[in-house]
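All remarks here apply to the structure that follows.
The values are calculated or read from the model by the stated rules, or taken from the named source; none is laboratory data. It should be emphasised that the depicted structure is a prediction, and the values quoted were computed from it without experimental measurement. Please note: Cβ atoms are built from the backbone with ideal geometry, for glycine as well, and neighbour counts cover all protein chains shown.
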Amino acid sequence: MNKIILLIIVSSLMLAGLAGTFLPLVPGLPLIYLAFLVYGFFTGWIDYGFNFMLVWGIITLLLMFLDYYTGALGAKKYGASPAGIWGAIIGGFLGVIFLGFLGIIAGPFLGAFVGELLSGKTHTSALRSSWGTFVGYLAGSLFKVIIGLIMIGSFIWQVWR
């Protein structure tokens, strides 16, 4: 495969992965890892090897699980019910569709708030739970963005050193 075409494909996967670190339902870090696999496959693994792939594979898997945990941990710490957590997930998805970039932030918060109200909580309690969901989501997203940038940086370092 032509090296320029390969780099366009790999860069596109990495950018989509980086966007996926804060967009709901887009597998951010796994897309960046997929870019590693694609590049390695088409170049014969000359720029990085098994250890590089193993370390980033383990980190990617761990962070996929941690991602769900941070949102739930923030929600639980502030007293969210399962309805609030589901509301945050649905709100995050719908927020991006209908509100674009603003929906990334507002969607999970509003979704958790509506979910809590539907589960019978008071406005004050629902607001507290949605704040916790938002804080957990934001912390998890920030962490994933940082790791995604480190992954991309390590790839660039391995390929162009």
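Just a few scattered comments:
- Given (1) within 20 Å of the chain's Cα centre (by Cα); (2) of a type in the set (S, T, Y); (3) over 30 Å from G120 (Cβ atoms), index of the condition T43 fails: (1)
- Residue that is crowded, with 20+ Cβ neighbours inside 10 Å and at negative phi, where the choices are L73, L110, L99: L110
- When I105 is tested against (1) surrounded by 20 or more Cβ atoms within 10 Å (Cβ to Cβ); (2) aliphatic (A, V, I, L, M); (3) within 13 Å of G136 (Cα to Cα), only condition (1) is not met.
- Search result, residues across the range 105-134 that are modelled with pLDDT of 85 or more, out of contact with any Ser or Thr (no Cβ under 9 Å at 6 or more places or on another chain) and within 30 Å of L15 (Cα to Cα): A106, G107, S130, W131, G132
- Test: I90 is of a type in the set (A, V, I, L, M, F, W, C) and either surrounded by 15 or more Cβ atoms within 10 Å (Cβ to Cβ) or over 30 Å from M53 (Cα atoms) (or both): yes
- All conditions but one from (1) at pLDDT below 90; (2) closer than 15 Å to F143 by Cβ; (3) part of a helix (DSSP H, G or I) apply to I85; the one that does not is (2).
- In the set K77, K3, only one residue is among the basic types (K, R) and under 18 Å from L138 (Cβ atoms); that residue is K77.
- Residue identified as at pLDDT 85 or above and part of a helix (DSSP H, G or I) among F41, F65, F93: F41
- Residues satisfying the stated conditions in the range 46-62, i.e. assigned to a helix (DSSP H, G or I) and among the aliphatic types (A, V, I, L, M): M53, L54, V55, I58, I59, L61, L62
- Only one entry in I146, I152 is aliphatic (A, V, I, L, M), touching a helix residue (DSSP H, G or I) at 6+ places or on another chain (Cβ under 6 Å) and within 30 Å of Y48 (Cα to Cα), namely I152.
- Inspection of the range 29-42 identifies no residue that is surrounded by fewer than 15 Cβ atoms within 10 Å (Cβ to Cβ), at positive phi and out of contact with any helix residue (DSSP H, G or I) (no Cβ under 9 Å at 6 or more places or on another chain).
- Residues that are modelled with pLDDT of 95 or more, small (G, A, S) and surrounded by 15 or more Cβ atoms within 10 Å (Cβ to Cβ) within the range 135-161 comprise G148, S154, listed in sequence order.
- Verdict on R161 being in a loop (DSSP other than H, G, I, E, B) and not aromatic (F, W, Y): yes
- Lone unmet requirement of (1) over 17 Å from G132 (Cβ atoms); (2) crowded, with 16+ Cβ neighbours inside 10 Å for I4: (2)
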